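Structure first, then comments.
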């Protein structure tokens, strides 16, 4: 993503908060022919506990998934979490200058090195943690029971993505003047598209 000086840098605390607010990401790897392959996946994030230990994502994939196969063959990958918010036309700011037409979004690309496993015991452990992560107040038969979940565990794999660096961009009209922000706010309130209320709330938080 192009890093424009018009937008402030994203901090580590903002990264951690953004991850906590999202429940899916796109794992992008490269197949043997050099084409990117991508899967949309749930995840569990483990923040770096100290400066010497990198953060990581745990994922589960079907073994026959081209993304899983690419991760197994070549560990380098990108885990992309994005949040589309709104498109605003140029007329929101200027009658004549089309360059003001823009997207508003938050997005982070995590550049990672992946290790994969199809060992049923490890797959079951990762899946058990994932279900607890997504359903913290629910009871279920432990996924670590290979006999009970044998059919699932025999066809699934897991990937541990160690984060080497990240690149983030939160494009929330921070570069607009107070007058332009007021006009933009009125436009989003009046248009009231499905994402507009959330977009305006997030943008106003960024302006404070």
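What follows is calculated from the coordinates using simple rules that are stated; it is not laboratory data. The structure displayed is predicted, hence computed values, not measured ones. Because the Cβ atoms are built from the backbone with ideal geometry, glycine has one as well, and the counts that use them run over all protein chains shown.
Please compute the alpha carbon radius of gyration of the stretch 85-208, then divide it by the globular-protein estimate 2.2 N^0.38 Å. Two decimals is fine.
Numbers: Rg = 22.5 Å, N = 124, 2.2 N^0.38 = 13.7 Å.
Scaled against compact globular proteins, the figure is 1.64.
Rounded, prolate or oblate: which one fits the stretch 1-49, using the alpha carbon gyration tensor with axes a ≥ b ≥ c (rounded when a/c is under 1.5, else prolate when a/b beats b/c, else oblate)?
On the way: a/c = 2.53, a/b = 1.33, b/c = 1.90.
It comes out oblate by the Cα gyration axes.
Grab the beta carbon distance between residue 119 and residue 53, set R0 = 22 Å, and tell me the FRET efficiency rounded to 0.05. Can you show the working numbers first?
Values: r = 23 Å, r/R0 = 1.06.
Efficiency computed from Cβ-Cβ geometry: 0.40.
If you average the C-alpha positions of the stretch 111-140 and of the stretch 9-83 separately, how far apart do those two centres end up, in angstrom?
14
Could you give the length gained by full extension between residue 162 and residue 207, i.e. 0.36 nm per residue of separation minus their alpha carbon distance, to one decimal place?
Working: separation 45, 0.36 × 45 = 16.20 nm, distance 3.27 nm.
Length gained between residue 162 and residue 207: 12.9 nm.
In Å, what Kirkwood hydrodynamic radius results for the stretch 1-96 from the alpha-carbon pair distances? Numbers along the way, then the final one.
On the way: mean 1/r = 0.0618 Å⁻¹.
Computed over the stretch 1-96, the radius equals 16.2 Å.
Among 166, 207, which comes first, then next, by fewest other beta-carbon atoms within 10 Å?
Values: 166 17, 207 14.
Lowest to highest Cβ neighbour count: 207, 166.
So I have (1) 176; (2) 159; (3) 116, and one of them is volume of the Cα convex hull per residue in Å³ calculated from this model. Which one is it?
This structure yields the entry labelled (2).
Most mobile of 111, 100, 149 per a Gaussian network model of the chain (Cα springs, under 10 Å)?
100
Quick one: order 67, 144 by neighbouring beta-carbon count within 10 Å, fewest to most. Write out the running numbers ahead of the final one.
Working: 67 25, 144 18.
Ordered from fewest to most neighbouring Cβ atoms within 10 Å, 67, 144 come out as 144, 67.
Determine the calculated [θ] at 222 nm for the chain from helices alone, applying -39500 (n - 2.57) to every DSSP H run no shorter than 4 residues and normalising by the residue count; nearest 500 deg cm²/dmol.
Using -39500 (n - 2.57) per qualifying helix, the result is -9000 deg cm²/dmol.
Using alpha carbon coordinates only, what is the Rg to Rh ratio of the stretch 157-208, with Rh defined as the Kirkwood radius?
Values: Rg = 16.2 Å, Rh = 13.3 Å.
Ratio value, two decimals: 1.23.
How far apart, in nm, are two points set 7 Å out from the Cα along the Cα-to-Cβ line at residue 145 and at residue 46?
2.6
Which order do the peptides 129-138, 191-200, 70-79 take when ranked by the mean count of other beta-carbon atoms within 10 Å per residue, highest first?
Values: 129-138: 12.0, 191-200: 14.2, 70-79: 19.6.
Ranked from most to least packed, the peptides come out as 70-79, 191-200, 129-138.
How many nm separate the modelled label positions at residue 91 and residue 191, each set 7 Å beyond the Cα in the direction of the Cβ?
1.2
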